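Report on the following structure.
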Amino acid sequence: MEKMCACYKRIFIPRPIVCNQQYCSDSECQKTRKKKWQKEKLANDREYRDNQAAAQKEWCSRNKGYWKEYRKRNHGYAERNRILQRERNRRRRSKPQIAKMDASGAENIISSGCYRLMPLCNGVIAKMDELIVKIDVISSGCSIAVQGP
């Protein structure tokens, strides 16, 4: 029974001992398959990710200066990386920043409750268009400095 390779969409005959084979035996297709597997494994398996990080750290400690020499020998690589890094920095700066933890400092200044919001016009509180809002604090472990109204 023939199948279509998930990589280059070529027809191939799967090996009978490999259940649900999706990739043909071509070396480029196998590299693609392994890259996909490794990317998924790194995203979903903390132990595997930690093991890979430890192995990389150990390799770097045995091969000090490798990347510095590599960049010296491969000027195109270094220049391309600089350009891409500038683009990554530009994109990061253009995104709205969201503080996930401790945005208000050491103490939480708002507690859960109902609040009345009124517009301030030229330093004077306007009595029109006031809103009643309910605010729920969803972070845990924060001390509350100010109680509701």
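See the values below:
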| item | result |
| --- | --- |
| The range 3-94, relative contact order [Cα under 8 Å, separation at least 6], % | 13 |
| Environment charge at Lys64 (Cβ cut-off 15 Å; Lys +1, Arg +1, Asp -1, Glu -1) | +3 |
| Selection of GluC sites (Glu not before Pro), the range 1-67, meeting DSSP coil and at most 11 other Cβ within 10 Å | Glu2 |
| Above-threshold pairs, the threshold being 31 Å between Cα atoms, out of Lys34/Lys64; Lys31/Lys95; Lys3/Lys39; Lys9/Lys72; Lys41/Lys72 | Lys31/Lys95; Lys9/Lys72; Lys41/Lys72 |
| Listed residues Asn44, Pro16, Asn74: farthest to the positive end of the dipole of the range 1-90 (Cβ charges) | Asn74 |
| Label-to-label distance, nm, for residues given as Lys34 and Asp136 (7 Å Cα→Cβ offset) | 4.9 |
| Coil-residue trypsin sites (Lys or Arg not before Pro) of the range 23-103, DSSP, other Cβ within 10 Å capped at 12 | Lys64, Lys100 |
| Paramagnetic reach from Ala55 in the range 6-40 [backbone N under 15 Å; point 7 Å along Cα→Cβ] | 34-40 |
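Readers should treat all values here as calculations from the given coordinates under stated rules, not as data from a laboratory. Remember, predicted model here, so these are calculated numbers, not experimental data. Backbone-built Cβ (ideal geometry, glycine too); neighbour counts: all protein chains shown.
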